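Working notes for the structure below.
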Amino acid sequence: MKKHIPNTITCLNLISGCIATYYAFQGSYMEALLFIVIGAVFDFFDGMTARLLHVSSPIGKELDSLADDITFGFAPSAMVFSFLSSFHIHLPFVPFLAFVIAAFSALRLAKFNLDERQALGFIGLPTPANALFWGALIVSLDFKTWFEPYQLPEFWLYVVLALIPVSCYLLVSEIPMFALKFKTWGWKGNEVKYIFLLTCIPLLLLLQVSGIAVIIAWYVVLSVVTGWRRKA
């Protein structure tokens, strides 16, 4: 019986992603982001449960990747699609560019399953981080939540379109990115992790939902700088 527990949790992750996608297509971005976060919680606990119960299996690994691409690939893509669709664009295919994020998320997950270098860190941006960035960004740009009448400047359309290829590149890049895994709790060897965690608190307090997008951007910058320093 216990061998089915992690897979059940993984399915809850997938269901959360489906619900997030529904809200994304409805333009209910806050609710979509909420279910992406819930999916991330399930994603954290399915792996932990499998390790604690010693019941990891190949089918669980494949199911986990499928669930992750729904929750952290397709759901944020749907949010970006709905956001782009809210503009009066002369080229009707433009909003569909959002789904490139889902494709690159799937590629990222496939690479992760085969890459043995990512036991203690990541190579490329993890899909949950990418999903949280897009979810928080779209919620932040959804000014109609606070202001009426609502008309977002067209400038943000081009910002989002420019960020799509950047996001896709980071997902499949060879850039080393740190994981929040601690072998010891001391400062030495964990400086970057502690600096990151300590800076997250004021960013969330000051910027709230927008702070999530800023934190993910800061995570990428800190990872890149750390990688450069190690090579120097």
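Restricting the first residue to the stretch 148-164 and requiring it to be under 16 Å from Leu91 (Cβ atoms) and open to solvent by less than 50 Å² (accessible area, probe 1.4 Å), which pairs with a second residue that is at pLDDT below 95 and in a loop (DSSP other than H, G, I, E, B) meet a Cβ separation below 8 Å and a spacing of at least six or different chains?
Leu157/Phe87; Leu157/Ile89
With the requirement that a residue be among the hydroxyl-bearing types (Ser, Thr, Tyr) and either modelled with pLDDT of 95 or more or open to solvent by 40 Å² or more (accessible area, probe 1.4 Å) (or both), what does the stretch 50-79 give you?
Ser56, Ser57, Thr71, Ser77
Just to be sure I understand, how many residues within the stretch 170-193 are modelled with pLDDT of 90 or more and open to solvent by less than 50 Å² (accessible area, probe 1.4 Å)?
Selection size over the stretch 170-193: 6.
Does Thr199 fit the bill of being of a type in the set (Val, Ile, Thr) and at pLDDT below 90?
No, not satisfied.
Could you run through the stretch 33-49 and say how many residues are open to solvent by less than 20 Å² (accessible area, probe 1.4 Å) and under 16 Å from Asn130 (Cα atoms)?
3
Considering the stretch 15-32 alone, what residues qualify as being open to solvent by 40 Å² or more (accessible area, probe 1.4 Å) and among the aliphatic types (A, V, I, L, M)?
Once the filter is applied, which keeps residues that are open to solvent by 40 Å² or more (accessible area, probe 1.4 Å) and among the aliphatic types (A, V, I, L, M), the stretch 15-32 yields Ile15, Ile19, Met30.
Could you tell me whether any residue of the stretch 82-105 is out of contact with any Pro (no Cβ under 7 Å at 6 or more places or on another chain), farther than 30 Å from Glu154 by Cβ, surrounded by 21 or more Cβ atoms within 10 Å (Cβ to Cβ) and not aliphatic (A, V, I, L, M)?
No, the stretch 82-105 contains no residue that is out of contact with any Pro (no Cβ under 7 Å at 6 or more places or on another chain), farther than 30 Å from Glu154 by Cβ, surrounded by 21 or more Cβ atoms within 10 Å (Cβ to Cβ) and not aliphatic (A, V, I, L, M).
Within the stretch 127-145, is there a residue that is loosely packed, with under 13 Cβ neighbours inside 10 Å and at pLDDT below 90? So that I can check it myself, show each step before the final result.
Going residue by residue through the stretch 127-145, those that are loosely packed, with under 13 Cβ neighbours inside 10 Å are none.
For the stretch 127-145, residues loosely packed, with under 13 Cβ neighbours inside 10 Å and at pLDDT below 90: absent.
The values are calculated or read from the model by the stated rules, or taken from the named source; none is laboratory data. Not measured: the values here are computed from a predicted model. Positions of Cβ are backbone-derived with ideal geometry, glycine not excepted, and every protein chain shown enters the neighbour counts. SASA here: full protein model, heavy atoms, side chains in, ligands and nucleic acids out. Shrake-Rupley method; radii C 1.70, N 1.55, O 1.52, S 1.80 Å.
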